[in-house]
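S.K.: Quick one: structure below, then a few questions.
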Amino acid sequence: MRPRIAVIGAGAVGGYVGGHLHRLGHDITLIDAWPAHVETIRQDGLHLSGMSEDENVTVRPPIWHLTEVQDIAKQRPIDICVVAVKSYDTEWASVMMRQYLSPSGFMVSLQNCLNEERMAAAVGWGRVVGCIAAAISVDLYAPGHIRRTVPKGGASHTVFRVGEVHGRITPRVEMLCDMIAGIDSVKATTNLWGERWSKLCLNGMRNGISAATGLSGNEADRNEKIRRFAIQLGGQAVRVGQAQGYVLEKIGKLDPERLALAGEGDPAALAEVEAVLLAGSNAAARSELQRPSMGQDMLKGRRTEIEFMNGFIAAKGSEIGVPAPAHAALTELVLKVSRGDIPASPEAVEAL
């Protein structure tokens, strides 16, 4: 019997992955808190698009409002619960879904930031698996419509990395990799925490800047002052991760140590890192529509994950004695923009 899968949080990433798993024939149920999104998918299907024609599909997965989740009590329990809500919603989503897990069921964090510990507080460490979606760049731009704004990773970039918190490769990790392989490139990792922190470094360079400036990823990279501030963010995040003992992976296409040196002002490293960022801002590398998730949230008037990204890096750095002042400053700036104290503008970040 196929495992029964629920995806709680059918937004950009959750809806993209859940929609494609349904396309591949898996037993998927989506769950979301946005009523218009749910009703649109029920009526018209979920429209998925990308930068190539073969990515444009419409699927019709079952989808529930949050108020309907209790109906699982009358049905077959959930074997795999994919948690794709925002980081600040992790605790309640985990507590709500744990009662509907099968005896061998487990949860998968398909989120930004480090949320496995929050999930484990609800269900125990043995029922938590991590899944990182690296440089996937998807956007829920209208109810029932999700687009991917970067090309598929394929052989050139491994998008999904699935791992256990203890680092061993298990049958359930291999099963998840087999499922995801039909969506894009995937690997089982023995380095979940290093992968997580590496993704956090990249998010820390891009998300808060988009939220504070209103710029797309390409626009931010083409602005010299903002680009160099992003490099400072990346370098400080790398140093905080290294101090915790994480074995860091590539930060996008950047070597972690070279990024850290660039952020510290090493001329050769700075030139190298800037060249990579500028190359990534061309139209073939990613769409001009590409906007980090926090920038999308700001445009939609939603709460951002800034405290769980840059704020978390700053707090962890303070805790272990490795300052990350750029992250602290950006966190405060994004909170001010979120409250409406100041408008989003490139000048706000250029002044930091």
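Just so you know, all these numbers are worked out from the coordinates, no wet-lab data involved. Predicted model, so just to flag it, every value in this text is computed and none were measured. Ideal geometry is used to build each Cβ from the backbone, glycine not excepted, and the neighbour counts take in all protein chains shown.
S.K.: Tell me which residues, restricted to the stretch 83-123, are assigned to a helix (DSSP H, G or I), small (Gly, Ala, Ser), in contact with an Asp or Glu (Cβ under 9 Å, 6 or more places away or on another chain) and more than 19 Å from Leu66 (Cα to Cα).
M.R.: Scanning the stretch 83-123 gives a single hit, Ala121.
S.K.: Can you name the residue in the stretch 249-262 that is more than 15 Å from Thr158 (Cβ to Cβ) and touching a helix residue (DSSP H, G or I) at 6+ places or on another chain (Cβ under 8 Å) and, of all such residues, is surrounded by the most Cβ atoms within 10 Å (Cβ to Cβ)? Don't jump to the end; show me each part of the working.
M.R.: Quick first cut of the stretch 249-262, residues more than 15 Å from Thr158 (Cβ to Cβ) only: 254-262.
Within this subset, residues satisfying the condition of being touching a helix residue (DSSP H, G or I) at 6+ places or on another chain (Cβ under 8 Å) are 254, 256-262.
Values: Leu254: 25, Pro256: 24, Glu257: 14, Arg258: 19, Leu259: 30, Ala260: 25, Leu261: 19, Ala262: 27.
Going through the qualifying residues, I end up with Leu259.
S.K.: Any chance the stretch 91-104 includes a residue that's touching a Ser or Thr at 6+ places or on another chain (Cβ under 8 Å) and touching a residue at least 12 places away in the same chain (Cβ under 8 Å)?
M.R.: no
S.K.: Could I ask something else about it? Just to be sure I understand, how many residues within the stretch 91-104 are under 24 Å from the mean Cα position of the chain (by Cα) and either buried (at least 24 other Cβ atoms within 10 Å of the Cβ) or more than 28 Å from Glu305 (Cα to Cα) (or both)?
M.R.: 2
S.K.: Evaluate the stretch 21-41: report whether one residue or more is free of Cβ contacts under 8 Å to residues at least 24 places away in the same chain, surrounded by fewer than 24 Cβ atoms within 10 Å (Cβ to Cβ) and within 22 Å of the chain's Cα centre (by Cα).
M.R.: Filtering the stretch 21-41 down to residues free of Cβ contacts under 8 Å to residues at least 24 places away in the same chain leaves 25.
Now drop any that are not surrounded by fewer than 24 Cβ atoms within 10 Å (Cβ to Cβ), which leaves 25.
Add one more test, that the residue is within 22 Å of the chain's Cα centre (by Cα), and what stays is none.
No - not one qualifying residue is present in the stretch 21-41.
S.K.: What residue, of Ala275, Ala269, Ala328, is in contact with a Leu (Cβ under 9 Å, 6 or more places away or on another chain), assigned to a helix (DSSP H, G or I) and farther than 14 Å from Ala220 by Cβ?
M.R.: Ala269
S.K.: Further question: Are there any helices (runs of 4 or more DSSP H) wholly within the stretch 126-231 with 2 or more residues that are among the small types (Gly, Ala, Ser) and buried (at least 20 other Cβ atoms within 10 Å of the Cβ), and if so which?
M.R.: 192-213, 217-222
S.K.: Just checking, does the stretch 48-61 include any residue being crowded, with 24+ Cβ neighbours inside 10 Å and within 22 Å of the chain's Cα centre (by Cα)?
M.R.: No, the stretch 48-61 has no match at all.
To keep it simple, each residue is scored yes or no on (1) of a type in the set (Gly, Ala, Ser); (2) over 15 Å from the mean Cα position of the chain (by Cα); (3) under 26 Å from Gln244 (Cα atoms).
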position: Met298; (1), (2), (3): no, yes, no
position: Glu305; (1), (2), (3): no, no, yes
position: Met309; (1), (2), (3): no, no, yes
position: Ala324; (1), (2), (3): yes, yes, yes
position: His327; (1), (2), (3): no, yes, yes
position: Glu332; (1), (2), (3): no, yes, yes
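S.K.: If you don't mind, there's one more thing I want to ask. What pairs come up if the first residue lies in the stretch 49-61 and is under 15 Å from Leu21 (Cα atoms), the second is in a loop (DSSP other than H, G, I, E, B), and their beta carbons are under 8 Å apart, counting only those six or more places apart or on different chains?
M.R.: Listed pairs, sorted by first residue: Ser49/Asn56; Glu55/Lys152; Asn56/Gly50; Thr58/Gly45; Val59/Gly45; Arg60/Gly45.
S.K.: Something else now. Listed residues Leu192, Leu215; which is out of contact with any Ser or Thr (no Cβ under 8 Å at 6 or more places or on another chain) and closer than 18 Å to Ala84 by Cα?
M.R.: Criteria check complete, one pass: Leu192.
S.K.: Please determine whether any residue of the stretch 214-231 is more than 20 Å from Leu278 (Cβ to Cβ) and aliphatic (A, V, I, L, M).
M.R.: no
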